[in-house]
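Quick note: the coordinates plus some simple rules give every number you see, no bench work behind them. Predicted model, so just to flag it, every value in this text is computed and none were measured. Every residue, glycine as well, gets a Cβ built from its backbone with ideal geometry; the counts of neighbours run over all protein chains shown.
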Amino acid sequence: MKHKAKILGLFTLLTLIYTCKLDFVAIDLTDQLPVLLAPQNGYQTSTLTHTFWWEELEGASGYEIQIVSPSFSNIQALVLDSNTTDNVYTFTLSPGSYEWRLRAYNGNSTTAYVTWALTIDNSPDISTQVMVLDSPVNNLATNQLAMKFYWQTIPNADDYRFELYTPDFNGTEVIPAEITINDSTSHLFTAEGDYAWRVRGQNDLSNTPYTTYTFEIDTAAPNVPDLSLPLANDTVPGSSSIDFSWDRGAVTGSAITDSLLIYSDTTFTNLIKGYSTTNTSLNDSITAGAGDYFWGVRSFDAAGNKSDYSLFRKIIIQ
């Protein structure tokens, strides 16, 4: 009976190992194909900016998208070769004939490519074109005062109109509108705050609509957290969870994330646990054994600023 029990136990263990192993094996994509959605195969348009869209494929970790002109059987120009983990990709093309193709991949395999054709007609009317802003990304929080603004060019646009306001376009003009033939401009800010920028393409016949992005400049470090509980030298049973809480004061800048650290020594070199939270409280237990432990909190904001550490407090685990 003991012999049979050992065999059964070994079989169960091997089954569990094999099952766990299967969980980490990437799906074989070799015999699958991505499903393209838009722009439709053979689509002909004067619109220059397109969002290439396809169905997500189970087991894929990413997608490779390529665009050539005029076709993959007669490549005269490689226009785009990029990878993305999304199932959409926005890109601006010049007038011409193109083919675009896509394949999915993971760490184990790839699908074959699926290829569709696209024709962009040449039109001096740019009123239906879409300006694509590259940087800074929309809703950025930053602590940098020197900013560079980038956008994608539009064929048949003679120049671009750049505008910058605070806190939005119902507010105050930061600089006079700038007309430039370039795809970028820069500005050195002198104050924190919320800002909005927009760009449109222009020619003698028409303008594109504006595309607008916003960002926040925050150069101030967050307040130093003030620890609340547990109190200094509080004693906690080893089996109990601990309610940690602290106060960070009024948040006047970008969003705050706090880092709570627990050390087992007064030189703060032996880190026992570390947490990251947007809250000002946390509940957990210390399972490293009885002894003295020291906890403190530091705040970080979305713009990249950080506070000093709070004072560290000792707690005693029985």
Can you put E56, E64 in order, fewest other beta carbons within 10 Å first? E56, E64
Along segment 170-178, Karplus-curve 3J(HN,Hα) (6.51, -1.76, 1.60; θ = phi - 60°) to the nearest Hz, with x for Gly and Pro, reads 9, x, 9, 6, 6, 9, x, 3, 10
Added length on full extension, which subtracts the Cα-Cα distance from 0.36 nm per residue, N182 to L205: 6.3 nm
Between S276 and D226, how high is the FRET efficiency from 1/(1 + (r/R0)^6) when r is the Cβ-Cβ distance and R₀ = 30 Å? Nearest 0.05. 0.95
Please compute the net charge surrounding F149, taking Lys and Arg as +1 and Asp and Glu as -1 over other residues with Cβ under 11 Å from its Cβ. -2
Cβ-defined net charge surrounding F294, 14 Å radius [Lys, Arg +1; Asp, Glu -1]: +1
Only residues of segment 284-299 count here: report those whose backbone N is under 19 Å from the spot 7 Å along Cα→Cβ of D265, or say none. 287-296
Contour minus Cα-Cα distance for S71 and S94 (0.36 nm per residue): 6.8 nm
How far is helix 2-23 tilted off the main Cα axis of the chain, in degrees rounded to 10, range 0 to 90? 30 degrees
Given (1) 28, 46, 23, 3, 0; (2) 22, 34, 34, 10, 0; (3) 33, 58, 9, 0, the label whose value is P(r) over Cα pairs in 20 Å bins from 0, in percent derived from this model: (2)
Stretchable slack from S46 to D234, in nm (0.36 nm times residue separation minus alpha-carbon distance): 60.5 nm
If R0 is 30 Å, what FRET efficiency do you get for L80 and K306 from their C-beta distance, rounded to 0.05? 0.20
Excluding D258 itself, calculate the net charge of residues whose Cβ lies under 9 Å from the Cβ of D258, where each Lys or Arg counts +1 and each Asp or Glu counts -1. +2
Plugging the Cβ-Cβ distance of A288 and T257 into 1/(1 + (r/R0)^6) at R0 = 30 Å yields, to the nearest 0.05, a FRET efficiency of 0.75
Where does each of H50, H187 land when they are ranked from fewest to most other beta-carbon atoms within 10 angstrom? H187, H50
